[in-house]
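Nothing in this text is a laboratory measurement; each read-out follows from the coordinates by a stated rule. Quantities reported herein were computed from a predicted structural model and do not represent experimental measurements. Cβ sites come from the backbone with ideal geometry, for glycine too, and all protein chains shown count toward neighbours.
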Amino acid sequence: MKRPNYLALFAIVATVSLFLSSCNKDTPPTEMISFDSEEIMDNVPDGLLNSTDSYAEQCVSGIETALDMSSFMSDMEPPDDAIRTLKGGSTWQWTVTNFMYTITFYWTYEEDSEKRYWTMEIKFGDGESYPYITAWETKDGSEGEIQYNFGWTAAYQSVEDYEDLYWKYHWNKDASGNYTFTWNYESSDDTYQYYLSYEVVVNADGSGSINYYSMDVLFYHMEWDSLGNGSYTYYYSGTQEISGSWTV
């Protein structure tokens, strides 16, 4: 498959998000995902957040970038005038129209004894419905996952094949309050599993680490202590390139 056009993908995502943000959104009569990225950032030590060291700043930027990928969960909130239908579960349907497109969203919520589940499909005009967002979360909020699927873009832009392309965001919080979260950008190229990938740990005491991968190859590893002092190692083609540390 062809490598995706990153600017085109982000433009499409931004367009749909704009449609959704134009709605008067309200919480539907079901549970919403409880994950709060601010809770994680509140654990990152001020020494790291306020450091002017360029590598410390890159570390903070990486954490924020990985967390920002969870922002599309807000797209799962139907507007208060959504039409509720029944489609194998508790499903809401709503339509957004601008001067170019009519987009219909189908939002479904279900649960079992351990987890809550969300799915959303998207349809342009009278065309076919495509998976848009799928998510789950344990009922105690300690673990969850959100997957943003790009297959629906076939109805919007047919230049490239995004059928198996997705963003996947996963988090876990253990009994001690330590967070582990990952963000993966699935590859549509058989050569790579992921185009981009972040692995971040933010412990309850403020210490943590981050790994950033590009095309399945580790690009940098950083770690820091509870005060924000840290170290970094950058790699080139899998071989250590530069390393060092910062103090706060």
Taking 7 Å along the Cα-to-C-beta vector as the label spot, tell me the SER231-GLU128 distance in nanometres, rounded to one decimal. 5.2
Over all Cα pairs of region 124-234, how is the pair count split among 10 Å bins, expressed in % and running from 0 up to the last occupied bin? 13, 32, 31, 17, 6, 1
GLN240 and ASP140 label points (each 7 Å along its Cα→Cβ direction) are spaced in nm at 3.9
Phi-derived 3J(HN,Hα) across region 122-136 with the Karplus relation (6.51, -1.76, 1.60, θ = phi - 60°), rounded Hz, x for Gly and Pro, is 10, 9, 9, x, 9, x, 6, 7, 10, x, 10, 9, 10, 7, 8
